[in-house]
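Data first, discussion second: the structure below is written as structure tokens.
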Amino acid sequence: MTPIRVDAAIVEPVTLAEMRGYLRLDPDDGGAENALVESLIASARAQVELAAGRILVPGRYRLMLTAWPRDGRLPLSLSPVVAVARAGLVDGAGLVIDLAPGLVRVGADPIEAPGLIIDPAVPALNERAALIEVDAGHGGAGPPIPPGLVQAIRLLVAHAFEHRGDGPGDGSPPPAIAALIDPLRRLRL
């Protein structure tokens, strides 16, 4: 079960204007570097998300299940999980019949142990599928982005901007940036 992002709008945690100022780019350059800086911001955010195990921009994610978890707990790779937006059963014709609110709910620790609790009263799937949509991510209705992760994005963008075209690296962030991410990394067992 892989969560799939179903809304396309992403507002990066670091704006183009903020990053241009951080890089000390000439305001009269006509935006010559804007496309590059925007792509570096998106790339750095994705790298920090992967390293920290957290989603830094809010979004809606869809899950499809063919069986309910036996213990009633559905761990998710999304952190933080903010809310269950929709839960329903998909019939043979592809129609979704919404479940009553509360039958699928966010677990007790949506950041460090994100997951859903499935109430025992939920109807059996019996050759149906379950569709669940959750809102996840920092910002928006979720908790604010930790400042250390925002700074890690800025530093990664600056590093990539300064060292573009340099030799291949191992993909890991420089030590100073890793030091910002490590204390905020979500641990998994």
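The values are calculated or read from the model by the stated rules, or taken from the named source; none is laboratory data. These figures come from a predicted structure and were not determined experimentally. Ideal geometry is used to build each Cβ from the backbone, glycine not excepted, and the neighbour counts take in all protein chains shown.
Under the condition of being under 26 Å from L74 (Cβ atoms) and touching a Lys or Arg at 6+ places or on another chain (Cβ under 8 Å), which residue from region 1-47 is surrounded by the most Cβ atoms within 10 Å (Cβ to Cβ)? Here the answer is P3.
The residue that is farthest from the chain's Cα centre (by Cα), among those in region 56-80 that are more than 15 Å from I4 (Cβ to Cβ) and of a type in the set (A, V, I, L, M), is A67.
Within region 126-136, is there a residue that is out of contact with any strand residue (DSSP E or B) (no Cβ under 7 Å at 6 or more places or on another chain), of a type outside the set (V, I, T) and either touching a residue at least 24 places away in the same chain (Cβ under 8 Å) or surrounded by 15 or more Cβ atoms within 10 Å (Cβ to Cβ) (or both)?
Among the residues of region 126-136, at least one is out of contact with any strand residue (DSSP E or B) (no Cβ under 7 Å at 6 or more places or on another chain), of a type outside the set (V, I, T) and either touching a residue at least 24 places away in the same chain (Cβ under 8 Å) or surrounded by 15 or more Cβ atoms within 10 Å (Cβ to Cβ) (or both), which makes the answer yes.
Take the conditions (1) at pLDDT 95 or above; (2) not in a loop (DSSP other than H, G, I, E, B); V14 misses just one of them, which is (2). Of the residues making up region 60-78, just one is within 22 Å of R185 (Cα to Cα) and exposed (fewer than 15 other Cβ atoms within 10 Å of the Cβ), namely P75.
When G53 is tested against (1) on the phi > 0 side of the Ramachandran plot; (2) more than 11 Å from the chain's Cα centre (by Cα), only condition (2) is not met.
Is at least one residue of region 45-57 farther than 24 Å from D182 by Cα and of a type in the set (K, R)? The answer is no; no qualifying residue exists.
Taking the conditions (1) surrounded by fewer than 12 Cβ atoms within 10 Å (Cβ to Cβ); (2) touching a strand residue (DSSP E or B) at 6+ places or on another chain (Cβ under 6 Å); (3) in contact (Cβ under 8 Å) with a residue 24 or more places away in the chain in turn, P120 satisfies each one other than (2). In the set V104, V81, V90, V96, which member is under 30 Å from G148 (Cα atoms) and either exposed (fewer than 13 other Cβ atoms within 10 Å of the Cβ) or free of Cβ contacts under 8 Å to residues at least 60 places away in the same chain (or both)? Selected residue: V81, the only one of V104, V81, V90, V96 that is under 30 Å from G148 (Cα atoms) and either exposed (fewer than 13 other Cβ atoms within 10 Å of the Cβ) or free of Cβ contacts under 8 Å to residues at least 60 places away in the same chain (or both).
Of all residues in region 150-163, none satisfies being of a type outside the set (S, T, N, Q), part of a loop (DSSP other than H, G, I, E, B) and within 25 Å of the chain's Cα centre (by Cα). Look at (1) assigned by TED's automatic domain parsing to the domain that holds A9; (2) farther than 17 Å from P3 by Cβ and you find that D109 fails only one, number (1).
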